[in-house]
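The values are calculated or read from the model by the stated rules, or taken from the named source; none is laboratory data. Just so it is clear, the model here is predicted, and its values are computed rather than measured. Virtual Cβ from ideal backbone geometry, glycine too; neighbours counted across all protein chains shown. Side chains included, ligands, DNA and RNA excluded: accessible areas come from the protein's heavy atoms. Shrake-Rupley method; radii C 1.70, N 1.55, O 1.52, S 1.80 Å.
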Amino acid sequence: MPNQAAEHKQLIREEFTRQADAFAASPTIKNPDRIAILVDSVNPGPTTRVLEIATGPGHIALAFAPRCGEVVGIDLTAAPLKIAERMRAERGIINARFIQGDVEGRLPFEDDEFDAAVCRFSFHHFQNPAAVAREMARVCRAGGRLVVEDIGASEHPERAAYHNRFELLRDTSHTRFLPLSDLIAIIAAAGLEISSVRTDDIANPVERWLATSYTPDDKAAEVRAMIERDIREDLSGTDARRINGELYFTHRSAIIVARKLAPRA
Amino acid sequence: MALSPELLDILACPKCKGDLHLTAPQDGLVCEACKLVYPIKDDIPIMLIDEAKPLA
């Protein structure tokens, strides 16, 4: 494995071990209405087998469980998986299973075994998101659904770069938010047909967002300064603003639903 | 929670893509081809090549 990739995976494991409890409790991450949109987009039935990539504390997988046949959540980091497994046991769910594995490597599953593969708010951590999309496609059966939700960056490269700079200052495991057009292109290039794209805006309170990631004080100060400058100079396309004195900006979330096509003879 | 036969059936070795079987005490998944055991800790199979143990 190239050193850079190994170092990045180590960063992800450190960040999500440190952030595990706060991340699991984050209102945006837990929001049942947002999670229901993802479950609805798969429209699972009683025999549907679902894979959740980078499941973290398992909120999505556990929401699928009562509505599908079987769900598997996989993640690189042990700490959030322990939270997921604890919640599974507490709720008496028996058709969800959590696995620790490298979602940026070869997934530990055979081809064509899942009816759907879902991944939320994780593509921006990946160094090679196209490879992850291909692996999600590989483990899905023909006709199966892929659902990817992530935050989109501006379609303007300089503005996307400004946004990604302050996201990386906040969380060292951040790689980059892609413009929505790039995310769609990556999924289409994995041999999938895009069925729908839905976007919505999430107002992000800066102080809560910094607290969730335990960003060190010096980095948090830099992030605030960048967002203040953004308010004055309109640099990131995230609608940075103050509401009643509190700093906010917008995460534009996109849910992309795609279908795996049957191989051509 | 015991590993279901269905899940065991779809799991593959992340190194060689080969089939896996449970250890007798059900505390790991064995890849005979790679001579590796992927441990199961707190009901979570750890399918990481770096953390697999050599098959004794």
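Some notes on this structure:
- Cα pair distances in the protein assembly as shown, grouped into 20 Å bins until the bin that holds the longest one, percent each: 32, 57, 10, 0
- When the other protein chains are added to the chain by itself, burial of at least 10 square angstrom of heavy-atom accessible area (probe 1.4 Å, ligands and nucleic acids ignored) affects these residues of the range A:98-139: A:Phe98, A:Ile99, A:Gln100, A:Gly101, A:Asp102, A:Arg106, A:Pro108, A:Phe109, A:Glu110, A:Glu113.
- Calculated from backbone phi, Karplus (6.51, -1.76, 1.60) coupling profile of the range A:191-196 in Hz, x at Gly/Pro: x, 10, 9, 6, 8, 7
- Cross-link pairs beyond the 25 Å C-alpha cut-off, checked among A:Lys82/A:Lys260; A:Lys9/B:Lys17; A:Lys30/A:Lys82; A:Lys30/B:Lys15; A:Lys9/A:Lys260: A:Lys82/A:Lys260; A:Lys30/B:Lys15; A:Lys9/A:Lys260
- Among beta bridges from DSSP that stay inside the protein assembly as shown, the antiparallel ones total about 60%.
- With all protein chains modelled, accessible area of A:His125 [1.4 Å, Å²]: 10
- For the protein assembly as shown, the dipole from Cβ point charges (+1 on Lys and Arg, -1 on Asp and Glu) about the Cα centre works out to 280 debye, to the nearest 20.
- With θ taken as phi - 60° and the Karplus curve 6.51 cos²θ - 1.76 cosθ + 1.60 applied, the whole-hertz 3J(HN,Hα) list for the range A:42-50 is 8, 6, x, x, x, 10, 5, 10, 10 Hz, x standing for glycine and proline.
- Over chain A, relative contact order from alpha-carbon pairs under 8 Å, at least 6 apart, %: 19
- Cβ charges +1 (Lys, Arg) and -1 (Asp, Glu), total dipole of the range B:5-54, debye: 260
- As a size descriptor, the averaged projected area of the C-alpha convex hull of the range A:200-239 was calculated at 3.1 nm².
- Sequence of A:Thr172, A:Thr250 when ordered by accessible area, the most exposed leading, probe 1.4 angstrom: A:Thr172, A:Thr250
- Per residue, chain A reaches -13000 deg cm²/dmol at 222 nm when only DSSP H runs of four or more residues are counted, each adding -39500 (n - 2.57).
- Karplus (6.51, -1.76, 1.60) ³J(HN,Hα), θ = phi - 60°, over the range B:40-54, in Hz, Gly and Pro reported as x: 10, 10, 6, 6, 10, x, 9, 8, 10, 4, 4, 9, 6, 10, x
- Chain B: GluC sites (Glu not before Pro) in DSSP coil with no more than 16 other Cβ atoms inside 10 Å: B:Glu32
- Taking the Kirkwood radius as Rh and the Cα radius of gyration as Rg, the range A:1-144 has a ratio of Rg/Rh equal to 0.94.
- Seen through its C-alpha gyration tensor, with square-root eigenvalues sorted a ≥ b ≥ c, the range A:151-245 comes out prolate because a/c lies at 1.5 or above while a/b is bigger than b/c.
- Along its three principal directions, the equivalent ellipsoid of the range A:209-265 from the Cα gyration tensor extends over semi-axes of 36, 16, 11 Å, largest first.
- Coil-residue trypsin sites (Lys or Arg not before Pro) of the range A:207-265, DSSP, other Cβ within 10 Å capped at 11: A:Arg264
- Note on the range A:79-170: along the principal axes its Cα atoms extend 47, 34, 20 Å, ordered by decreasing extent.
- Ordering A:Gln4, A:Gly191, B:Leu11 by the projection of their Cα atoms onto the charge dipole of the protein assembly as shown, which places +1 on the Cβ of Lys and Arg and -1 on the Cβ of Asp and Glu, puts A:Gly191 at the extreme positive end.
- The range B:5-54 - convex hull of alpha carbons, volume per residue in Å³: 71
- Selection from A:Ala262, A:Ala240, A:Ala225 lying farthest towards where the dipole of the range A:213-265 points positive, charges on Cβ: A:Ala262
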